[in-house]
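Each remark here refers to the structure printed beneath this line.
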Amino acid sequence: MNALDGHCASLLGHLGVAADKSLPVDVQDLFNRFTLDSISDLLFGFPMRALEHHSHVETRYRSFVQAFGKLQDICGRRIRIGSNWRIIEAVRLFGDQTVLPARIVDDFLKPVISEAQKKVEANGRIGDPSNLLEFLVQECDDLKIVRDTLLSFFLAGKDTTASLLTFTLYVLTMYPQVMSKLRAEVDACVGRHGYPTSAKIQSMLYLRAVLNETLRLFPPLPMNIRRAAVSTTLSSPLSKMGDLHVNKGTSVTYSPFLMQRRRDLWGEDAEEFRPERWLAEGSPTSMESSLRSIFVPFNAGQRLCLGKTFAYQECSFVLVRLLQNIECFSFAEDVQPKDSQPPSAWRVRGGRQSFEQCWPTSSITLYAKGGLWVRMKLRE
Ligand code: HEM
């Protein structure tokens, strides 16, 4: 939590400067930079200093971050295209576009991993590893496994968390009454200047309800896909189509974004942002388990997100710090790029689209098109 607090202080520094000068700020960009710093600290033991370097990380990390982003874009596009991606990309003619960025990523990671190995060889087992890399190199000799594990955590933990923070801030800006209620809980449980310990965060039920309601309406991974390893039958009491036979090798796409907005599953107010629904049975965590077949922002079963607890902790920590310091947020529509404002055709549609003030869209993760521009006022 201490490292997190340092990155949070930098984040608040940026927000404070903008608030003092009454300048609008793209909070989505700041949250992306914040999660890049916090995940690199957690994985490698050093932050990439994205918050210090205005939308770019420190020079020595830049090519890695850019190459990783390129790989993410290519993979996202391939997922969307499906199994014909080799034909569409004309791989035979132009070669595989991932080769060069993958080499840059490898060249960055190799010395980082070997330094950690040397440290373990020199000092023996590190009693309490301070980052994932140290833990991995002392548990495993296979370089490929260490590298792949680091990369999957880097991929899984960065944009998802930034997405949840962005959309939580979006709903707080949109629903001032939720913001007031949440602030009252922060003041009661942590106080104006108190430290948000894990125990205090756990006692904040409304905060968890706000996060869950945001994850329900704006799941950071809005679509997912599975391929059947063996022929099987999918059956569910919730299915309108009865049992579904799925042949071996068939891909099945599913959308938490759509599932978590279904009226037949969530009630007539399914598209409304109403954190109170998570308090109906007492605590949001007990409702999470009773709704686990329809609330799947972290997936479920064997491939449940490994960073779920960390993600809740991290986002809660940041939100508490924000609410301790900031009085209110308002949309800065005047600086929101015109082509990223919700299309006027949405206004005549039913559901959330008729009143949405940002344009949620996705590559792999959900984000606000054109950023989320807000102005804010600091607390007295
Ligand atoms: C709000 C934030 C997050 C959300 C919504 C989220 C969501 C998910 C989802 C849906 C999956 C399943 C992907 C699949 O199998 O198709 C997943 C997997 C995973 N997540 Fe997260 N995640 C979040 C944050 C994090 C963080 C902060 C970390 C690491 C610190 C992390 C680490 C992982 C890992 C390692 C996997 C792969 C697990 C496996 O394949 O068995 N996630 N996450």
Fill in: Area accessible to solvent at SER198, 1.4 Å probe radius, in Å²
50
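Return the Rg/Rh ratio of the chain with Cα-based radii and a Kirkwood Rh. Before the final figure, lay out each step's value.
Working: Rg = 21.8 Å, Rh = 22.6 Å.
When Rh is taken as the Kirkwood radius, the ratio is 0.96.
Could you list the trypsin sites (Lys or Arg not before Pro) in the range 317-380 that lie in coil according to DSSP, counting only those with at most 16 other Cβ atoms within 10 Å of their Cβ?
Details: sites: ARG321, LYS338, ARG347, ARG349, ARG352, LYS369, ARG375, LYS377, ARG379; in loops: ARG349, LYS369, ARG379.
Sites meeting the loop and neighbour criteria: ARG349, ARG379.
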Worksheet item: Which whole number of Å³ per residue matches the convex hull of the alpha-carbon atoms in the range 286-342?
Response: 171
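Could you work out the relative contact order of the range 1-132, using alpha carbon pairs under 8 angstrom and six or more residues apart, expressed as a whole percent? Don't jump to the answer; show the numbers that get you there.
Working: 84 pairs, mean separation 29.0, N = 132.
Rounded, it is 22 percent for the range 1-132.
Please compute the Kirkwood hydrodynamic radius over the range 28-72, one decimal place, Å, based on all pairs of different Cα atoms. Could you put the intermediate results ahead of the total?
Values: mean 1/r = 0.0964 Å⁻¹.
Evaluated over the range 28-72, this radius sits at 10.4 Å.
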Worksheet, complete the sentence: The percentage of Cα-Cα pairs in the range 330-380 separated by more than 15 Å is 53
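Taking the alpha carbon gyration tensor of the range 103-240, what are the square roots of 5 times its eigenvalues, largest first, to the nearest whole Å? Show your work: numbers first, answer last.
Working: eigenvalues 270, 149, 44 Å².
Here the semi-axes work out to 37, 27, 15 Å.
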Worksheet, complete the sentence: For the chain, the percent of accessible surface on carbon and sulfur atoms (probe 1.4 angstrom, ligands and nucleic acids excluded) is 55
Worksheet item: Looking at the range 1-88, which trypsin sites (Lys or Arg not before Pro) are in a loop (DSSP not H, G, I, E or B) and have at most 12 other Cβ atoms within 10 Å?
Response: LYS21
Item to complete: Take the Cα atoms of the range 236-365, find their three principal axes, and give me the spread along each one in whole Å, biggest first.
Response: 51, 37, 31
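If the viscosity is 1.306 mPa s and the temperature 10 °C, what Stokes-Einstein diffusion coefficient in µm²/s follows for the range 110-179 when Rh is the Kirkwood radius over Cα pairs? List each step's numbers first, then the result.
Numbers: Rh = 14.5 Å.
Rounded, D is 109 µm²/s.
At 0.692 mPa s and 37 °C, plugging the Kirkwood radius over alpha-carbon pairs of the range 46-96 into Stokes-Einstein gives what diffusion coefficient in µm²/s?
255
Regarding the range 162-277, what whole-number volume in Å³ per residue does the convex hull of its Cα atoms give? Please list the in-between numbers first.
On the way: hull volume 16.5 nm³, N = 116.
Convex hull of Cα atoms, per residue: 142 Å³.
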Fill in: All lysines inside 28 Å of LYS240 as judged from Cα atoms, apart from same-chain residues fewer than 8 positions distant
LYS248
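Reported to two decimal places, what Rg/Rh ratio describes the range 146-202 when computed on Cα atoms with Rh from the Kirkwood expression?
Working: Rg = 15.8 Å, Rh = 13.7 Å.
For the range 146-202, the value is 1.15.
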Worksheet item: When the distances between all Cα atoms of the range 1-134 are binned every 10 Å from zero, what whole-number percent does each bin get?
Response: 10, 30, 28, 22, 9, 1
Practice prompt. Note the direction-averaged projected area, equal to a quarter of the hull surface, for the Cα convex hull of the range 194-238, in nm².
Written response: 6.2
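Which links in LYS158/LYS200; LYS70/LYS158; LYS338/LYS369; LYS118/LYS144; LYS158/LYS308; LYS21/LYS200 stretch past 21 Å when you go from one Cα to the other? Walk me through the numbers on the way to the answer.
Working: LYS158/LYS200 24 Å; LYS70/LYS158 15 Å; LYS338/LYS369 10 Å; LYS118/LYS144 17 Å; LYS158/LYS308 12 Å; LYS21/LYS200 33 Å.
Pairs exceeding 21 Å: LYS158/LYS200; LYS21/LYS200.
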Discussion item. At 1.4 Å probe size, what's the solvent-accessible area of SER354? Round to the nearest 10 Å².
Written reply: 40
Worksheet item: Probe 1.4 Å, all protein chains in place: accessible area of HIS14 in Å², nearest 10?
Response: 50
Worksheet item: What does the convex hull of the alpha-carbon atoms of the range 74-156 project to on average, in nm²?
Response: 6.7
Discussion item. Report the Cα centroid-to-centroid distance between the range 126-174 and the range 322-374 in angstrom, as an integer.
Written reply: 27
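The values are calculated or read from the model by the stated rules, or taken from the named source; none is laboratory data. Predicted model only: the values in this text are computed from it and were never measured. Here Cβ is always computed from backbone atoms with ideal geometry, including for glycine, and neighbour counts include all displayed protein chains. Quick note on the areas: whole protein, heavy atoms, side chains included, nothing else; ligands and nucleic acids left out. Shrake-Rupley method; radii C 1.70, N 1.55, O 1.52, S 1.80 Å.
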